[in-house]
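Below: the structure, in structure tokens.
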Amino acid sequence: MLRLENLRCEYMRNPINIDVEKPRFSWILISDQRDQFQRAYRIIVSSSYEKALNWIGDIWDSGKVLSGENINVEYGGKELESFTRYYWRVKCWTDNEEAESDIAFFETAALEEEDWKAKWITKKEFISFISNENPASGQDKCKQYYAAYFRKEFEITKNVKRARAYICGLGIYELRINGRKVGDNVLDPGQTDYSKIALYSTYDITDYLNEKNAIGVIVGNGRHIESYGYGKPRLIAQFLIEYEDGTREFLVTDENWRVSHGPLMENGIYYGERYDARLEMPGWDEYGFDDSSWEEVEATNRPKLKSQMMPPIKITETLKPKKMWSPKPGVYVFDFGQNFTGWVRLKVRGPRGTEIKIRYAELVDNDGTLNTSTLRSAESTDVYILKGAGEEIYEPRFTYHGFRYVEITGYPGVPTLESVEGRFVHTAVEKIGDFVCSNDLVNQIHKNIIWGQLSNLMSIPTDCPQRDERMGWLGDAQLTAEEAILNFDMAAFYTKYLMDIRLSQREDGSIPDVVPPYWKLYPADPAWGTAYITIAWYMYLYYNDKRVLEEHYDSMKKYVEFLKDNSDNYIIRNLGKYGDWCPPGSIHPKGTPLELTSTFYFYHDALLLSKIAKVLNKKIDVEKYKRLSENIKNAFNGEFLKFEKGKHIYSGCGCNKKSTNQTLCVLPIYSNIVPEEYKLEVFKSLEELVEVRSDGHLDTGIIGTRYLLEVLSDNGRFDLAYKIVTQETYPGWGYMIKEGATTLWERWEKLCNGGMNSHNHIMFGSIDAWFYKYVAGIRILEPGWKKFQVKPPINADLQFASARLIAIQGEIFVSWERLNGKFRMVVSIPANTQALVYVPLMSKKEVFESGRKVFPSENEGKICGISFVEMKDKFIVLKIGSGWYNFESF
Ligand code: BGC
């Protein structure tokens, strides 16, 4: 039977926040028959549920379209109206089945700028404070403001059918109605360059309303601070109330709102917050509160608004501390046993006015006290002052911390393990990947990466969550994007982030190292700037998202032209700043010239741009950028390929006589820059560097590391890649784990001077993609998973591996095991896709599927869904269609 499921509009299920003119629809097919392909679809969009039920597409009826497309099919009906709910469904045909989906809906938010009737409002006078917020180079202090509390009452006289809030408070806000927090977003809205765009969220507030209502909004600093070029906290909100009689009304922020300071005073991303519960104003967010002492608000200017069409930041898990100790009288340290991002929720009873301080850290010293060296100037301290009213519960709202340990001082009496809970906070992307194998060390590395990756999704991909940075460093983002995509549904997240990158682009085509450009680091090191084209390409490859390519094409092209304008005969000499960052023993590259990493990415980007031009059918550009990439390749080899001591190697450019290293070998092989005739020689050097000179360890920074394992595996040395990965001695991931790491470190070293030593950096997490692609063996071959490869490793000291991916086309599952000379592999392929499966041949050279012989070929063509492709190396290669397969090889 065929079923249609997982209906999504712009990557969301039943969204209420659509603000694109032509939303796109996706669905998946599920069938219990093998080898199923969609042959046709029909989508309807209706103005009511009843119409959709009866297949009346009064807004759009695509008609029966002969097409296999089921991902990101663009809306093609009447012009959509703002603030309106639409119902949609789809019908699909395969060769022998057909199915109708359930009814889904989407709602538009404000499609036009004019739909915003509300005004931005702020407080006339703020109390300010000075903090260490590492604002920008040259400034070491920054001015921020106490939180502002806004309120407004209103009454409703008719029956409400549905109500929505559209709201943005800069930098961070919390919306409350009738005494309750609305929804479970925290640290909203997503970070952007507020001079260009601010994101509003949409909430369903139907169930929050009474006859008499009060809205309360608290707004704090977040990143909307003057040191980054912005200003004081501000708010805009528009509340739509639709009545059962069909009429609607908008309540908007305007000069009639009231504002005050309150118990939440100092608040800052790095700073922490100070909350004096004695200053609470009971009932401030409820109807009937006396706000006569509050001030009138002031209208202020508006950044452009856009709907936040990505998963919000949420508290996704609550952790109990594992241990508590007291290193000094009155000082209590809690260990959560896991490095993560968020804050603690404190439970306390005590006298009014008692001041409790919560400090956060990743490390403790030998004497059991906190070691905050990895935070650098971030104060990361929350202060709570008791009101003295029985049990009090406090958790911060306008800051976050990266930590494993917390220290509490000022606690009345002795706290217990029940006094604090850890709140894990990050962009709530859906987990779509699972990986496990027979090596526990590998599993632990994978686990560390999951914690580290989530800790670094804070509406932007950050470098780290603890110290005075937490910025959207593009290098870190690009290196880990594929890993993130294999573990989480990143489509909406990266769609928004690519917008951030585009908005950061300057007239000359340059983009900065950090996006949003809170620090104005222009122009980016090309190894960082490549994030723009690399991530856009992944959006196409993994999510079949052509719109992203279209929308960004001109800007991406401008970026490549910028690189070209800044090259010297196709070599980029002056843009590199970090290069192969953080190799063992250093933060700066060792022996890998900046010119080489910069030019490698110039080549990489030019070539990708040519491929993108091809997807978009821009014929002239396909050739133009192909030619550009050829020129770069030739220049690269002219500059860096040397003949030394009888062999061809890549080495530094004249200025750097040190001969080759692992990264220098890896990059030209990975990108096929190395001329075919020298490839083996260069690969041999790599093998020798790893095996002989480094005793099976890596010697790479973040760039080389990203490609090292793939290059070794693709050239027949999976075993060597595996050896590097499972080393427990320095340097390597296993060493980190042995030293107690629960996330990945910034450096291969545990501790170094100078604070560049975060214990929760994600950049070396690129290895996780290798787990899925080379250990489990699942690799995408065609955009949107239309076709992929399943190829388990053969020369591996591994008994089993398995991975499950909820890809955009549905669930892919691979599980293989090797036992007593026999190889077994279960594979599940989603409908509407195909896979090339490599089954290793064992001693008898016999392969079965669900008990039937597929090789030698006595059943060739007779087993549904399977066709023989070729014998290759030690594999038999089969093409299979959708369904479950159970292979055995003897
Ligand atoms: C960040 C990195 C970043 C780098 C630039 C560091 O301070 O934490 O992860 O990519 O600077 O080299």
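The values are calculated or read from the model by the stated rules, or taken from the named source; none is laboratory data. Predicted model, so just to flag it, every value in this text is computed and none were measured. Neighbour counts run over all protein chains shown; Cβ positions are idealised from the backbone, glycine included. Side chains are part of the model used for accessible areas, which takes the heavy atoms of the whole protein and leaves out ligands, DNA and RNA. Shrake-Rupley method; radii C 1.70, N 1.55, O 1.52, S 1.80 Å.
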Mind putting together the pair-distance distribution for segment 77-210? All Cα pairs, 10 Å bins, whole percent per bin, short to long.
-> 8, 26, 30, 18, 11, 5, 2, 0
Keeping every protein chain in place, order MET281, MET490 by accessible area at 1.4 Å, biggest value first, i.e. largest first.
-> MET281, MET490
Compute the relative contact order of the chain as a whole-number percentage, counting only Cα pairs closer than 8 Å that sit 6 or more residues apart in sequence.
-> 10 percent
How large is ³J(HN,Hα) for each residue in segment 446-452, as worked out from phi by the Karplus curve 6.51 cos²θ - 1.76 cosθ + 1.60 (θ = phi - 60°), to whole Hz, x for Gly and Pro?
-> 4, 5, 4, 5, 4, 4, x
Return the sequence-ordered ³J(HN,Hα) values of segment 633-639 in whole Hz as given by the Karplus equation 6.51 cos²θ - 1.76 cosθ + 1.60 applied to θ = phi - 60°, using x for Gly and Pro.
-> 4, 4, 5, 4, 5, x, 8
So what's the net charge close to SER292: Lys and Arg +1, Asp and Glu -1, counting the other residues with Cβ under 14 Å from its Cβ?
-> -3
Neighbourhood net charge (14 Å Cβ-Cβ; Lys/Arg +1, Asp/Glu -1) for THR495 = 0
Taking H placed 1.01 Å from N in the peptide plane, check which residues at least 5 places from VAL869 or on another chain put their amide H under 5 Å from its amide H.
-> VAL877, LEU878, LYS879
Stretched fully, the stretch from ARG824 through ILE156 gains (0.36 nm per residue minus C-alpha distance, one decimal, in nm) 233.9 nm
Please report, as a whole percent, how much of the solvent-accessible surface of segment 423-485 comes from carbon and sulfur atoms (probe radius 1.4 Å).
-> 47 percent
Each label sits 7 Å from Cα toward the beta-carbon; between LYS357 and ASP695 the label points are separated, in nm, by 4.5 nm
At 0.36 nm per residue, minus the direct Cα-Cα distance, what do GLU98 and SER850 gain on full extension? Give it in nm, one decimal, please.
-> 268.0 nm
In segment 183-251, which GluC sites (Glu not before Pro) are in a loop and have at most 15 other Cβ atoms within 10 Å, using DSSP for the loop call?
-> GLU211, GLU244
Rounded to 10°, Cα long-axis angle of helix 531-543 versus longest principal axis of the chain | 80 degrees
Check ILE177: other-chain or 5+ apart residues with amide H under 5 Å from its amide H, H built from backbone geometry?
-> VAL182, GLY216
Between helix 491-504 and the chain: long-axis angle, C-alpha atoms, 0 to 90°, nearest 10 | 80 degrees
Which order, highest average first, do 156-162, 876-882 follow once you tally other Cβ atoms within 10 Å for each residue and take the mean per peptide?
-> 876-882, 156-162
Would you please calculate the Kirkwood hydrodynamic radius of segment 759-890 over all C-alpha pairs and express it in Å, rounded to one decimal?
-> 15.2 Å
Would you please give the FRET efficiency between LYS181 and ASN631, computed as 1/(1 + (r/R0)^6) with r the Cβ-Cβ distance and R0 = 51 Å, to the nearest 0.05?
-> 0.30
So if we plug the beta-carbon distance of ASN210 and LYS124 into 1/(1 + (r/R0)^6) with R0 = 35 Å, what FRET efficiency do we get, rounded to 0.05?
-> 0.70
Here the relative contact order (percent) of segment 822-874, from C-alpha pairs under 8 Å and at least 6 apart, is 20 percent
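Return the loop-located chymotrypsin sites (Phe, Trp or Tyr not before Pro) in segment 371-448 (DSSP other than H, G, I, E, B) with at most 10 other Cβ atoms within 10 Å of their own Cβ; answer none if there are none. Numbers along the way, then the final one.
Numbers: sites: TYR384, TYR394, PHE398, TYR400, PHE403, TYR405, PHE424, PHE435; in loops: PHE398, TYR400.
Taking segment 371-448 and a limit of 10 other Cβ atoms within 10 Å, no loop chymotrypsin sites (Phe, Trp or Tyr not before Pro) are found.
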Residues of the chain: accessible area per residue at 1.4 Å, in Å²?
-> 36 Å²
Arrange the peptides 582-588, 615-621 so that the one whose residues have, on average, the most other Cβ atoms within 10 Å appears first.
-> 582-588, 615-621
Would you grab the residues whose amide H sits under 5 Å from the one on ASN371? Only those 5+ places off in sequence or on another chain, please, with H modelled 1.01 Å from N.
-> LEU363, VAL364, ASP365
Summing -39500 (n - 2.57) over every DSSP H run of at least 4 in the chain, dividing by its residue total and rounding to the nearest 500, the 222 nm mean residue ellipticity is -6500 deg cm²/dmol
Taking every eigenvalue of the Cα gyration tensor of segment 598-650, multiplying by 5 and rooting it, what semi-axes result, largest first, whole Å?
-> 29, 9, 7
Length gained when the stretch GLU550-GLU418 is fully extended (0.36 nm per residue, less Cα-Cα span) = 42.2 nm
Quick one: if the Förster radius is 60 Å, what FRET efficiency do GLU858 and LYS328 give, using the C-beta to C-beta distance and rounding to 0.05?
-> 0.20
Within segment 827-890, DSSP-loop GluC sites (Glu not before Pro) with at most 16 other C-beta atoms within 10 Å are GLU846, GLU858, GLU860
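Nothing charged except the Cβ atoms of Lys and Arg (+1) and of Asp and Glu (-1): what's the magnitude of the dipole of segment 87-221 about its Cα centre? Round to the nearest 20 debye.
Its charge dipole is roughly 980 debye.
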Could you work out the relative contact order of segment 1-91, using alpha carbon pairs under 8 angstrom and six or more residues apart, expressed as a whole percent?
-> 31 percent
For ARG24, what is the net charge nearby, where nearby means another residue's Cβ is under 14 Å from its Cβ and Lys, Arg count +1, Asp, Glu -1?
-> -3
In the calculated pair distance distribution of the chain, what percentage of Cα-Cα distances lie above 46 Å?
-> 30 percent
Using 7 Å Cα-to-Cβ label points, what is the PHE890/TYR243 separation (nm, one decimal)?
-> 7.9 nm
What's the percent breakdown of Cα-Cα distances in segment 227-336 across 10 Å bins, shortest bin first?
-> 8, 21, 34, 21, 12, 3, 1
With a 1.4 angstrom probe the carbon and sulfur portion of accessible area for segment 1-41, in percent, totals 44 percent
Highest mean packing first, using Cβ neighbours within 10 angstrom, the peptides 737-743, 93-99 sort as 737-743, 93-99
Sequence order, segment 546-563: Karplus ³J(HN,Hα) from phi using 6.51 cos²θ - 1.76 cosθ + 1.60, θ = phi - 60°, Hz rounded, Gly and Pro as x, gives 7, 4, 4, 4, 4, 5, 9, 4, 4, 6, 5, 5, 4, 5, 5, 5, 4, 4
Once CYS464, CYS864 are ranked on solvent-accessible area with the largest value leading and a 1.4 Å probe, the list reads CYS864, CYS464
Take ARG573, ARG24, ARG779, ARG13 and sort them by solvent-accessible surface of the protein heavy atoms, 1.4 Å probe, largest at the top.
-> ARG13, ARG573, ARG779, ARG24
How much of the accessible area of segment 606-687, in percent, comes from carbon and sulfur atoms when a 1.4 Å probe is used?
-> 53 percent
Using a cut-off of 21 Å between alpha-carbon atoms, which lysines can reach LYS314, once sequence neighbours fewer than 8 places away in the same chain are excluded?
-> LYS181, LYS306, LYS347, LYS431, LYS447, LYS496
